[in-house]
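The values are calculated or read from the model by the stated rules, or taken from the named source; none is laboratory data. Quick caveat, the model's predicted, so the values are computed rather than measured. Please note: Cβ atoms are built from the backbone with ideal geometry, for glycine as well, and neighbour counts cover all protein chains shown.
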Amino acid sequence: MRSTILIELDALLDTRLGAMRVFSESLWTNTWNDPAYYNRLVDDFDHYGAGTTLMWRGIYEQRGSLRDAESGQLLVLKNSIMTCMVGKIGMHLRQLYSTKTTSPNFIGADVKVNVWPYELEQVDMDEIVLALEQMMVPDESGSDVEIVDTQISCVRLSPAELTLDEIREKFSRVVMYNFNEWWDIQAKAIYEAERGATLTEFVVPELLRLDKTRKIDKKVFVDDTGNMYNPFTETKRTLSVSMNLNFMSPLYFSVPNPQELIKDLKA
């Protein structure tokens, strides 16, 4: 069988920081230098000042069409840097191909980058593919696995088009940062569906919805009986009949943490 990974461009690029830089250069600097950013539970930036999250979200929600008046470039993409997820997917591909000798049914894996909501020209998508080939697909001459024939391409699928049936039939793994937005559109259909997509792995960030009425500072909560529970574990359990959720730390969907890089250099 041939595996196909669907991954959001928003998971490969830290467009959260890109939107912050469009909003404020100084806040962008503060954010990527803040260790809490890489361990966050919500996309909430009001600790930098009341209204910061609202302004940031206004830019983030326009990221697909907000352009520079002179160059015509998409501002958020222009100001975004690759995330740790690029390396993570590259490692996943190597692991898949390393099992080729013990899994005779495995015949390769492809990657499709979902560029929605960005309005990109073909030349822009070709550049994305070229960059990812260089970053994720090992060079045959120096590879310790058999020849990797992964084909990387771009698609543009809106949350409404990305139905559970579409995912089940076409993709072995789906990596999305904007899971909550997709869920809002597909939830009703998923609950009513007779078949799930449990053979497809959904890789999503450990992020909670921003509750404007109170601050969230713990990963565990108290249920009606007073027992503590992990919301991500509970969500995974509740939806297990429909999908296979794999929650990952937001740090994998972010630029490399500079504090960790400094530690590595000193080690």
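Filter segment 165-182 for residues that are within 18 Å of the chain's Cα centre (by Cα), part of a helix (DSSP H, G or I) and closer than 10 Å to residue 243 by Cβ and give the result. Within segment 165-182, just 167 meets the criteria.
State the number of residues belonging to segment 38-66 that are over 18 Å from residue 251 (Cα atoms) and touching a helix residue (DSSP H, G or I) at 6+ places or on another chain (Cβ under 6 Å).
Here is the first cut: in segment 38-66, the ones over 18 Å from residue 251 (Cα atoms) are 46-66.
Those left that are additionally touching a helix residue (DSSP H, G or I) at 6+ places or on another chain (Cβ under 6 Å): 46, 48, 52-53, 55-56, 59-60, 63, 66.
Adding up the residues that qualify gives 10.
Every residue, every condition in (1) on the phi < 0 side of the Ramachandran plot; (2) modelled with pLDDT under 95; (3) among the aliphatic types (A, V, I, L, M); (4) in contact with a Ser or Thr (Cβ under 9 Å, 6 or more places away or on another chain), yes or no:
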residue	(1), (2), (3), (4)
8	yes, no, no, no
14	yes, no, no, yes
18	yes, no, no, yes
35	yes, yes, no, no
56	yes, no, no, yes
75	yes, no, yes, no
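If you check 89, 81 for being surrounded by fewer than 19 Cβ atoms within 10 Å (Cβ to Cβ) and among the hydrophobic types (A, V, I, L, M, F, W, C), only one passes: 81.
For (1) surrounded by 14 or more Cβ atoms within 10 Å (Cβ to Cβ); (2) closer than 30 Å to residue 170 by Cα; (3) basic (Lys, Arg), each residue gets a yes or a no:
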{"site": "11", "(1), (2), (3)": "yes, yes, no"}
{"site": "15", "(1), (2), (3)": "yes, yes, no"}
{"site": "23", "(1), (2), (3)": "yes, no, no"}
{"site": "38", "(1), (2), (3)": "yes, no, no"}
{"site": "42", "(1), (2), (3)": "yes, no, no"}
{"site": "50", "(1), (2), (3)": "no, no, no"}
{"site": "53", "(1), (2), (3)": "yes, no, no"}
{"site": "58", "(1), (2), (3)": "no, no, no"}
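Do we find that residue 146 is at pLDDT 95 or above and loosely packed, with under 14 Cβ neighbours inside 10 Å in this structure? Break it down stepwise before answering.
Working: at pLDDT 95 or above: no; loosely packed, with under 14 Cβ neighbours inside 10 Å: yes.
Judged against the criteria, residue 146 is not a match.
Considering the conditions (1) within 29 Å of residue 153 (Cβ to Cβ); (2) small (Gly, Ala, Ser); (3) without any contact (Cβ under 8 Å) to a residue 12 or more places away in the chain, residue 26 is excluded by exactly one of them, (1). If you go through segment 91-129 and pick out every residue that is aromatic (Phe, Trp, Tyr), part of a loop (DSSP other than H, G, I, E, B) and touching an Asp or Glu at 6+ places or on another chain (Cβ under 9 Å), you end up with 2.
Need at least 1 residues that are touching a strand residue (DSSP E or B) at 6+ places or on another chain (Cβ under 7 Å) and of a type outside the set (Ser, Thr, Tyr) per element, so show me which helices (runs of 4 or more DSSP H) inside segment 1-79 make the cut, counting only ones lying wholly within it. Spell out how you get there, then give the answer.
Details: elements: 9-12, 15-23, 25-32, 52-60, 75-78.
Here the list reads 9-12, 75-78.
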